[in-house]
Structure formats: structure tokens, C-alpha cells
1. Rounded to the nearest 5, what % of DSSP beta bridges with both residues in the chain are antiparallel?
2. Where the centroid of each part is defined by its Cα atoms, how far is the stretch 174-226 from the stretch 93-150 in Å?
3. List, in the order given, every pair from Lys13/Lys51; Lys205/Lys227; Lys125/Lys158 whose Cα-Cα distance in the structure shown is over 19 Å.
4. Less than 15 Å Cβ to Cβ from Gly110, Lys/Arg counted +1 and Asp/Glu -1: what total charge do the surrounding residues give?
5. Quickly rank 112-118, 245-251 as a protection proxy: mean count of other C-beta atoms within 10 Å, highest first.
6. Arg37: net charge of surrounding residues, Cβ under 13 Å, Lys/Arg +1, Asp/Glu -1, itself excluded?
7. Charges only on Cβ, +1 for Lys and Arg, -1 for Asp and Glu: so what's the dipole of the chain about the Cα centre, in debye to the nearest 20?
8. Placing unit charges on C-beta atoms (Lys and Arg positive, Asp and Glu negative, everything else neutral), compute the dipole magnitude of the stretch 147-216 about its Cα centre in debye, rounded to 20.
Amino acid sequence: MAHPYLEIRDLRKSFSRAPSATRPLRVLDGLSLRVERGEVVALVGPSGCGKTTLLNVLAGLIPPDSGSIALDGRRVASCRGHVAYMQQKDLLLPWRTALANAALGLEVQGLSRREARARARTLLKRFGLEGFEGHYPHQLSGGMRQRVALVRTLLLEKPLWLLDEPFGALDALTRAQLHDHLLQAWAAQRPAVLLVTHDVEEALKLADRVVVLTPRPARVRLELEVKRPHPRDVTSPELVALKREVLEALGLSVREEEEVTAP
Ligand SMILES: Nc1ncnc2c1ncn2[C@@H]1O[C@H](COP(=O)(O)OP(=O)(O)OP(=O)(O)O)[C@@H](O)[C@H]1O
Ligand SMILES: [Mg+2]
């Protein structure tokens with residue numbers, strides 16, 4: 001039988017609270033999700049609902065309490081080894097330049113330093129960072145650091161990308177450019193992608209499917225297919241209608257959402 005690339009079943013995770021608290025904090029509450037090979041799935045949900053926790057579990061950084069993860073039909077403890085993870089907090093090493101940070105993953109994988117840096121240089125350029133290769137993280141803006149972290153992630157060429165708000169610190173124009181670059185990199189590699197975002201339009205622009213999570217503890221509230229060719233116009237009536245549906249599932253009206261995302 002055909003199986004999805006990634007299949008998550010009934011995942012549960014609680015965190016213990018302060019010793020005085022009687023019950024642990026339930027974060028994932030029987031979460032099930034499938035991602036096909038080459039599919040981009042956007043995860044949206046209220047702040048604190050458990051999105052980052054889900055990605056941490058998938059990446060193998062924390063163990064789930066129960067539930068199963070299967071990759072390519074085979075049960076695994078986590079997706080470690082198959083995954084390129086861009087974490088919500090950018091984890092650039094302060095003592096390495098942008099170039100050395102971007103190339104780090106490839107070097108760890110055993111590529112020669114020279115080759116790793118050549119590849120990193122090419123992708124940094126595409127992401128608008130030419131001329132900043134020699135800068136250290138503290139000399140870069142928040143959005144630039146985020147781009148370096150994204151480049152480091154995409155360079156790994158893994159079959160599964162976990163991207164936790166990769167465009168959070170960017171202005172609208174840079175965001176739109178990076179959406180295009182991300183789609184290009186995706187088209188070249190065709191990975192399965194789980195993309196966490198707060199921005200419903202971003203989700204509708206990039207994803208094949210949008211998954212809306214409930215407030216903590218997270219379960220899937222709504223799944224929406226967005227099978228439209230790229231580039232997509234988020235002001236088209238079809239996408240506006242889908243946006244309304246997602247916002248409703250989040251318990252927001254269009255006006256409230258504009259207030260939430262306004263700078
Ligand atoms: N290591 C941990 N120990 C204890 N509690 C944790 C831990 N990691 C996360 N939590 C709690 O789990 C809940 C979910 O956190 P998580 O970071 O997954 O949310 P999120 O959906 O990614 O939120 P945001 O959209 O704000 O990034 C929060 O209440 C958080 O305090
Ligand atoms: Mg998070």
C-alpha cells in the first residue's frame with residue numbers, strides 16, 4: 001500500500017511544571033499528520049500551542065511521551081538524519097562569519113571546507129547576502145541572520161525540511177523575495193516541508209496544504225488543500241476565501257488578523 005513520506009500518529013507530549021504544580025502541561029494531545037514526498041505543509045496555530053515542540057520531537061531533540069513517527073513507511077524514533085531543521089531562534093555561532101555559519105552543516109557532514117564554502121557562497125548570494133560573507137552574526141541584522149540560518153538549512157539537501165517561522169524577522173518586501181527563493185530551492189530538491197508560520201497569507205502562498213492547530217494542547221483543527229500553481233496571488237477570490245476559512249478556524253476575523261500582524 002502507498003504510504004506517505006512522513007506519518008505522525010497520535011503524538012503526545014507533556015512537560016513537567018514547577019514542582020508545586022499538580023499536573024504536567026499537556027502540549028501535544030494526540031496529534032496526527034501526514035506529509036507526502038515533495039509536499040509543503042504549513043502549520044499555523046496560536047502562540048504557545050505546541051508547534052515548535054512538534055518540530056523538536058520530529059528532529060529528535062526531545063522524545064515524545066507516546067505516539068509514532070514513520071518515515072517512508074518505516075517506524076522511527078525521530079526523523080534525525082533525514083531532516084534539515086531551521087529553529088525558531090537562529091542558532092548562528094557568534095565566532096563564525098556568515099559564510100562559515102552557512103557552510104557549517106555541510107562541513108559537519110564531511111564535505112571539504114572549500115567545497116562547503118563554495119556552495120554556501122552561491123546560495124548566500126542568491127539570498128541577497130553578497131558582500132556580507134565575512135560579517136559576524138552581531139554585525140548582521142535580524143533578518144540577515146535569519147537568511148544565513150535558512151541558507152545553512154537548505155544547503156543540507158535533506159528530504160525533510162522543518163522550518164520554524166523562517167521569515168519572522170523580515171519586512172514585507174524581503175519576505176516576498178525570499179518566498180520566491182525558497183520555492184526555487186524547493187523546486188530543485190523537492191523535499192517534504194513542514195513550515196510553521198503565523199502569517200496566513202504566507203501559508204496560502206507557499207503551501208500545498210495548510211494545517212490549523214488548536215490552542216494548547218495541539219491537535220489538528222482543520223486541513224485545507226491549496227493546490228494552485230505558483231506564483232500565487234493571495235488577493236485572488238479563491239485564496240481570499242481560503243484565508244477566511246483558516247482565520248475562522250483560528251478564531252479570528254480578517255480585521256482582527258490585520259491588527260495582530262500589523263507592525
Ligand atoms: N522544554 C520545555 N519545558 C517546559 N515547557 C515547555 C518546553 N518547551 C515548550 N514548553 C511549553 O510548551 C508550550 C508550547 O510551546 P511551543 O514552543 O511548542 O509553542 P509554539 O506553538 O511554537 O509557540 P510560538 O508560536 O509562540 O512559537 C508552551 O506553553 C511552552 O511554555
Ligand atoms: Mg514556536
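1. So the antiparallel bridges amount to about 55 percent of the total.
2. If you average the Cα positions of each part, the centres end up 24 Å apart.
3. Numbers: Lys13/Lys51 12 Å; Lys205/Lys227 10 Å; Lys125/Lys158 21 Å.
Pairs exceeding the cut-off: Lys125/Lys158.
4. +2
5. Values: 112-118: 14.0, 245-251: 17.6.
Highest-to-lowest ranking by the protection proxy: 245-251, 112-118.
6. Details: positive: Arg34, Lys158, Arg190; negative: Glu7, Glu36, Glu39, Asp72, Asp208.
So the environment of Arg37 carries a net charge of -2.
7. Approximately 960 debye in magnitude.
8. For this selection, approximately 220 debye.
Every read-out reported here was derived from the displayed coordinates using simple, explicitly stated rules and does not represent laboratory data. Everything quoted here is computed from the prediction, not taken from an experiment. Every residue, glycine among them, receives a Cβ derived from its backbone with ideal geometry; neighbour counts consider all protein chains shown.
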